[in-house]
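Each reported figure results from applying straightforward, stated rules to the coordinates on display, with no laboratory input. No experiment lies behind these values; they were computed from the predicted model shown. Here the Cβ positions follow ideal geometry from the backbone for every residue, glycine too, while neighbour counts run over all protein chains shown.
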Amino acid sequence: MQVFNKERALELVDGDEGLLEILIESFMTENKFERSELDALVSAGKLSEAAGYVHATKGAARQLCMEKLQESGQRLEDVLRGKTQGDVMALSDRMFEDYEEAMKVIL
């Protein structure tokens with residue numbers, strides 16, 4: 001599993017590197033994924049909202065073929081939505097690590 005599968009991402013935009021750059025720029029500027037925001041939602045028991053917050057980043061990661069971030073986001077979202085059981089804090093840690101790694105790779 002890759003942090004960023006650029007070859008696959010290029011396939012999804014028919015090889016248009018300019019479009020891929022626009023999508024990456026949009027991800028970096030418009031998709032703010034902050035630990036404090038997620039922690040506040042979870043602490044307040046707003047698990048549905050927390051799942052939605054995770055879902056937005058996971059979905060953007062999927063569109064850009066950020067495989068590790070997409071997978072960790074899916075696992076966390078599933079727990080927040082009650083589809084599976086798991087440690088929310090540990091899964092949050094993993095997703096934030098994957099998010100930071102993806103941001104470094106795409107820069």
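Checking the cross-link filter: which lysines have an alpha carbon closer than 29 Å to that of Lys104, excluding same-chain neighbours under 8 positions apart?
Once the sequence-local lysines are set aside, what remains near Lys104 is Lys6, Lys32, Lys58, Lys68.
Based only on other Cβ atoms within 10 Å, what is the fewest-to-most ordering of Thr57, Thr29? Could you put the intermediate results ahead of the total?
Numbers: Thr57 24, Thr29 8.
The order, fewest Cβ neighbours first, is Thr29, Thr57.
Full-extension gain between Glu34 and Val105, please, as 0.36 nm times their residue separation minus the C-alpha to C-alpha distance.
Contour length minus the Cα-Cα distance gives 23.7 nm.
Hand me the GluC sites (Glu not before Pro) from segment 49-78 located in a DSSP loop with no more than 11 other Cβ atoms within 10 Å, in residue order please. Don't skip to the answer; put the middle values down first.
Details: sites: Glu49, Glu67, Glu71, Glu77; in loops: none.
Here no loop site has a sparse enough neighbourhood.
Let me have the 222 nm mean residue ellipticity of the chain computed from DSSP H runs of 4+ only, each contributing -39500 (n - 2.57), with the sum over all residues rounded to the nearest 500. Before the final figure, lay out each step's value.
Numbers: 6 runs with 80 residues, N = 107.
Taken over the chain, the calculation gives -24000 deg cm²/dmol.
How far is helix 47-63 tilted, in degrees, relative to the longest principal axis of the Cα atoms in the chain, given as a value from 0 to 90 rounded to the nearest 10?
Here the helix axis deviates by roughly 20 degrees.
Rounded to two decimals, what ratio of Rg to Rh does segment 68-107 give with C-alpha atoms and a Kirkwood Rh?
On the way: Rg = 10.6 Å, Rh = 10.2 Å.
For segment 68-107, the value is 1.04.
Per-residue HN-Hα couplings for segment 66-78, Karplus 6.51 cos²θ - 1.76 cosθ + 1.60 at θ = phi - 60°, whole Hz, x for Gly and Pro?
8, 5, 5, 5, 4, 5, 5, x, 5, 4, 5, 4, 4
May I ask you to give the average projected area over all directions of the convex hull of the Cα atoms of the chain, in nm² rounded to one decimal? Display every interim value, and only then the final one.
Details: hull surface 25.6 nm².
For the Cα atoms of the chain, the hull's average projected area reads 6.4 nm².
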